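Reading through the structure tokens given below for one structure.
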Amino acid sequence: MFDFSVVTAWIDNLLQGCMSQTAAIIIECVLIGLVLLGVYAVFALVLILAERKVCAAFQCRLGPNRVGIWGSIQTVADMVKILTKEIIAIRHTDKFLYNLAPFMVIVGSLLAFACIPFGRGLQILDFNVGIFFMIAASSIGIFGILLAGWSSNNKFSLIGAMRSGAQMISYELSIGLSMLTMVILSGTLQLSEIVEGQNELWFIFKGHIPAMIAFVVYLIAGTAETNRGPFDLPEAESELTAGYHTEYSGMHFGFYYVAEFVNMFIVAAIATTIFLGGWMPLHIPGLDGFNHAMDYIPSVIWFLGKSAVMVFVIMWFKWTFPRLRIDQLITLEWKYLLPINLLNLILMTIIVAAGWHF
Amino acid sequence: MNGFVQYFSGFFKALKSLLTGMKTTLKIFFRKKTTECYPENRDKLYVAEAFRGKLEMVHTPDNHHHCVACGLCQINCPNGTISVNSQTLTDAEGKKSKVLESYQYDLGRCLFCELCVRSCPHQAIRFVNQFENSVFTRQKLVLTLNRPGSSLLPKAEAKPQQDTNL
């Protein structure tokens, strides 16, 4: 299987050969930053198109099909449009916080995005507390949302932001605990080692019952974490116009929009990484020929394929279930998901301690 | 104890209903889509027969119409869409008769209420389901419905028609 660290090592050698080490590292950092931003934008465009197509299919429509083949450059056209739009300065807002908030949201999701292992050797941030860092980084986004609601000086924005705060803080528990369940199984917090640990068998099969419960809980909590339907009550358009980003226009609104979609991908990617083996091909112990054949499919394709399935499932949730009320939302977390998660954690601990996993 | 049982039964019932919902939406996901790709499917487009797209005057193959220029449609039109221009002719015996000169119909003002068609005693006009009516200026929407050179169907040939449509 192709190892992408060959490419990065080659670029590193090339740069170090013609300049000092400090300059080489600075140039590499800039390059990685640019690539990260580019990939981030492309992912957002693809995801928005996918969302519109999937949503259309669930409603017996065709979706965008006029711009490009199958509407393939519809979102590119939309992006150009939103970039040319005016960013309206609203009176009686807290100017500094109002302008800062969209960047907080983007920075939070970019940091989490940088942790994702896209393929063998294709990971930007990889250190020994990877998952911990990822949870922490993705939680920065909530500050952006709260700031947006507060600084907009608009009751709908404020209600939306407060709901979002309550929701994210509650569901952060479930996300953390379900990840912790898998960390017990893998024995490490480092994302690259978690993926390596699934060389034999993906964790969802290796940890059987508790892993599957953790997987379902993670998916529910992850959907809630990204403020997507059926948990989209922070931006419930029928009650709050658009929730926390009501007052935003132009590219500032675009940042929220892009961040929402990439956050969905990040949730799907983490689910892929810790439950479905990340970029690791499907390996079944005992079937060496099959395992060898699976290795010929590039790791990036494995990762993106599995993530696409997870993204589809999250979209499927959104277009099936009606929106929850705020009390139902909090009940679901504190009365159902949290006890299930805690029991599941104990179950997993017993299984790992007794060695009852595959 | 009752609450304990309720907690678990409610949980599993909810899980089951959620899965039912997801099954339903997945079925719809793979169903044939109902979107009409309009300009591409013009050839096989289905528009209901009763759709009122445009007013038309009925003409026989040898260029005769049924309009006796009574003007009932003009009187009944709520929007003043129709204007029946007629001329009174006197034949050799001194008998006077009204003859249709031009039947003006302004599509841009039309309400598509069908009162004109219903009030016509001779079924001389009807609505057709042709809906592609867009033009570049409003003047082009003013149509003359009687064809050039057409005349009233001679009385002997006119079949007695039943008023089933009323």
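The values are calculated or read from the model by the stated rules, or taken from the named source; none is laboratory data. Just so it is clear, the structure is predicted and the values come from calculations on it, not from any experiment. FYI the Cβ positions are ideal-geometry reconstructions off the backbone, even for glycines, and counts take in every protein chain you see.
Listed values, structure above:
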quantity: Meets criteria (at pLDDT 85 or above, surrounded by fewer than 16 Cβ atoms within 10 Å (Cβ to Cβ) and at positive phi) for residue A:55; calculated: no
quantity: Single unsatisfied condition, residue B:24 versus (1) in a loop (DSSP other than H, G, I, E, B); (2) of a type outside the set (A, V, I, L, M, F, W, C); (3) surrounded by 10 or more Cβ atoms within 10 Å (Cβ to Cβ); calculated: (1)
quantity: Within the range A:336-358, considering residues that are assigned to a loop (DSSP other than H, G, I, E, B) and in contact (Cβ under 8 Å) with a residue 60 or more places away in the chain, the one nearest to residue A:173 (Cα to Cα); calculated: A:357
quantity: Residue match in the range B:26-39 (condition: of a type in the set (Asp, Glu) and away from chain A (no Cβ under 14 Å)); calculated: no
quantity: Residues being more than 11 Å from chain B (Cβ to nearest Cβ) and either in a helix (DSSP H, G or I) or within 24 Å of residue A:108 (Cα to Cα) (or both) - total across the range A:54-79; calculated: 9
quantity: Qualifying strands (runs of 3 or more DSSP E) (wholly inside the range B:60-128; at least 2 residues being among the hydroxyl-bearing types (Ser, Thr, Tyr) and surrounded by 13 or more Cβ atoms within 10 Å (Cβ to Cβ)); calculated: B:82-90, B:96-106
quantity: Residue check for residue A:308: buried (at least 24 other Cβ atoms within 10 Å of the Cβ) and either touching a residue at least 40 places away in the same chain (Cβ under 8 Å) or closer than 24 Å to residue A:191 by Cα (or both); calculated: no
quantity: Hey, residue B:42 surrounded by 13 or more Cβ atoms within 10 Å (Cβ to Cβ), assigned to a loop (DSSP other than H, G, I, E, B) and more than 12 Å from every other protein chain (Cβ to nearest Cβ) or not; calculated: no
quantity: Failed item in (1) surrounded by fewer than 14 Cβ atoms within 10 Å (Cβ to Cβ); (2) in contact with a strand residue (DSSP E or B) (Cβ under 7 Å, 6 or more places away or on another chain), with residue A:3 passing the rest; calculated: (2)
quantity: Qualifying position, being in contact with a strand residue (DSSP E or B) (Cβ under 7 Å, 6 or more places away or on another chain) and hydrophobic (A, V, I, L, M, F, W, C), among A:313, A:300, A:309; calculated: A:300
quantity: Selection count, the range A:317-335, where residues are outside any helix (DSSP H, G or I), closer than 15 Å to residue A:163 by Cα and within 11 Å of chain B (Cβ to nearest Cβ); calculated: 0
quantity: Residues that are under 17 Å from residue A:255 (Cα atoms), surrounded by fewer than 16 Cβ atoms within 10 Å (Cβ to Cβ) and either among the β-branched types (Val, Ile, Thr) or in contact (Cβ under 8 Å) with a residue 60 or more places away in the chain (or both), drawn from the range A:83-98; calculated: A:83, A:84, A:85, A:86, A:87, A:88
quantity: The one condition in (1) surrounded by 17 or more Cβ atoms within 10 Å (Cβ to Cβ); (2) touching a residue at least 24 places away in the same chain (Cβ under 8 Å); (3) under 30 Å from residue B:38 (Cβ atoms) that residue A:76 fails to fulfil; calculated: (1)
quantity: Any pair with Cβ under 7 angstrom, 6 or more apart, that starts in the range A:264-277 at a residue that is in contact (Cβ under 8 Å) with a residue 60 or more places away in the chain and ends at one that is among the aromatic types (Phe, Trp, Tyr) and part of a helix (DSSP H, G or I); calculated: A:265/A:43; A:266/A:113; A:274/A:203; A:275/A:203; A:275/A:215
quantity: Qualifying positions in the range A:45-73 - without any contact (Cβ under 8 Å) to a residue 40 or more places away in the chain and hydrophobic (A, V, I, L, M, F, W, C); calculated: A:45, A:46, A:49, A:56, A:57, A:60, A:62, A:67, A:69, A:70, A:73
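Here is a yes/no grid of residues against (1) among the hydroxyl-bearing types (Ser, Thr, Tyr); (2) within 17 Å of the chain's Cα centre (by Cα); (3) within 19 Å of residue A:277 (Cβ to Cβ); (4) surrounded by fewer than 24 Cβ atoms within 10 Å (Cβ to Cβ):
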{"residue": "A:188", "(1), (2), (3), (4)": "yes, no, yes, yes"}
{"residue": "A:200", "(1), (2), (3), (4)": "no, no, yes, yes"}
{"residue": "A:203", "(1), (2), (3), (4)": "no, no, yes, no"}
{"residue": "A:218", "(1), (2), (3), (4)": "yes, yes, yes, no"}
{"residue": "A:228", "(1), (2), (3), (4)": "no, yes, no, yes"}
{"residue": "A:246", "(1), (2), (3), (4)": "yes, no, no, yes"}
{"residue": "A:265", "(1), (2), (3), (4)": "no, yes, yes, no"}
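Quick grid of which residues meet (1) closer than 20 Å to residue A:318 by Cβ; (2) touching a Leu at 6+ places or on another chain (Cβ under 6 Å); (3) in a helix (DSSP H, G or I):
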| residue | (1), (2), (3) |
| --- | --- |
| A:169 | no, no, yes |
| A:213 | no, no, yes |
| A:220 | yes, no, yes |
| A:223 | yes, no, yes |
| A:238 | yes, no, yes |
| A:261 | yes, yes, yes |
| A:277 | no, no, no |
